[in-house]
1. Give me the pairs, please: first residue somewhere in segment 103-116 and over 14 Å from residue 80 (Cα atoms), second residue anywhere and surrounded by 12 or more Cβ atoms within 10 Å (Cβ to Cβ) and modelled with pLDDT under 95, beta-carbon distance under 6 Å, and either six or more positions apart or on two chains.
2. If residue 157 satisfies every condition in (1) farther than 22 Å from residue 74 by Cβ; (2) in contact with a Lys or Arg (Cβ under 7 Å, 6 or more places away or on another chain); (3) surrounded by 17 or more Cβ atoms within 10 Å (Cβ to Cβ) but one, which is the exception?
3. Looking only at segment 137-148, count every residue that is over 21 Å from residue 55 (Cα atoms) and either of a type in the set (Lys, Arg) or more than 14 Å from the chain's Cα centre (by Cα) (or both) and tell me the total.
4. Condition test on residue 134, is it within 16 Å of residue 216 (Cα to Cα) and more than 12 Å from the chain's Cα centre (by Cα)?
5. Being in contact with a strand residue (DSSP E or B) (Cβ under 8 Å, 6 or more places away or on another chain) and either assigned to a helix (DSSP H, G or I) or under 20 Å from residue 81 (Cβ atoms) (or both) narrows it down to one of 194, 142, 170, 138, so name that one.
Amino acid sequence: MIRRFLHVDPYGDFWKHPLRRLAKTLSPRYLVARARLTIWENRHPNTPWLTQDAIAMLDRILDGTQVGFEWGSGNGTIWFARRSKHVISVEHHREWYEQIRSKLEAEGIRNHEYRFVNEEDYPNAIDDIPDESLDWVLVDGLFRDRTFEKSMPKVKRGGMIVFDNCNWHLPSRSSTPHSRTPADGPATSRWASLIPEIEKWTRVWTTNGVNDTAIFFKN
């Protein structure tokens with residue numbers, strides 16, 4: 001619970017680098033950001049687990065006419081459904097899937113298609129979606145390099161990919177703990193091969209000091 005609150009274990013390897021993880025997340029700057037985020041989330045319990053700036057931007061863009069696809073489900077599933085024409089979400093964790101499904105039913109959401117997929121089939125869950133048919137995709141689940149790659153041709157011109165925890169995967173100059181620096185480079189060889197294509201998209205990178213969310217607009 002403490003590690004989750006402090007956000008010291010984003011890669012699941014805390015015990016390999018405990019001192020380095022703690023040094024970054026026990027700084028006064030981070031602790032203030034973490035406290036502010038906790039207060040904000042308690043006051044806004046029904047919003048996605050994205051940065052506040054990203055949420056504000058998406059709230060301005062989404063007007064109920066868009067079709068979207070969500071990798072992974074959670075707090076934002078109902079939020080996105082209420083602001084879109086149609087949403088498809090995929091989830092690999094059975095217990096979590098049942099929890100979110102119950103919430104969707106309780107809220108009377110009718111414009112949402114919720115799919116349970118096995119982990120081994122997860123990256124292929126978008127394959128049946130026609131190319132350039134989606135207005136937005138949220139990448140926030142398993143195999144993010146593979147799901148981002150799979151999502152790119154599915155997005156319309158002018159559409160967007162919302163990428164949460166982007167600083168864990170793509171190099172940046174973000175001061176958020178655990179961010180990959182330009183010297184670190186991308187997290188995987190797949191990300192490295194994707195970067196030339198990603199750089200053709202317009203990028204808006206946001207942070208709250210705890211998490212980073214980037215929104216990529218397809219040109």
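The values are calculated or read from the model by the stated rules, or taken from the named source; none is laboratory data. Because the structure is predicted, anything quoted here is derived from the model rather than measured. Note that we place each Cβ from the backbone using ideal geometry, even for glycine, and neighbour counts take in every protein chain shown.
1. Close Cβ pairs satisfying both conditions: none exist.
2. If we test residue 157 against (1) farther than 22 Å from residue 74 by Cβ; (2) in contact with a Lys or Arg (Cβ under 7 Å, 6 or more places away or on another chain); (3) surrounded by 17 or more Cβ atoms within 10 Å (Cβ to Cβ), just (3) comes out false.
3. 1
4. yes
5. Only one candidate qualifies: 138.
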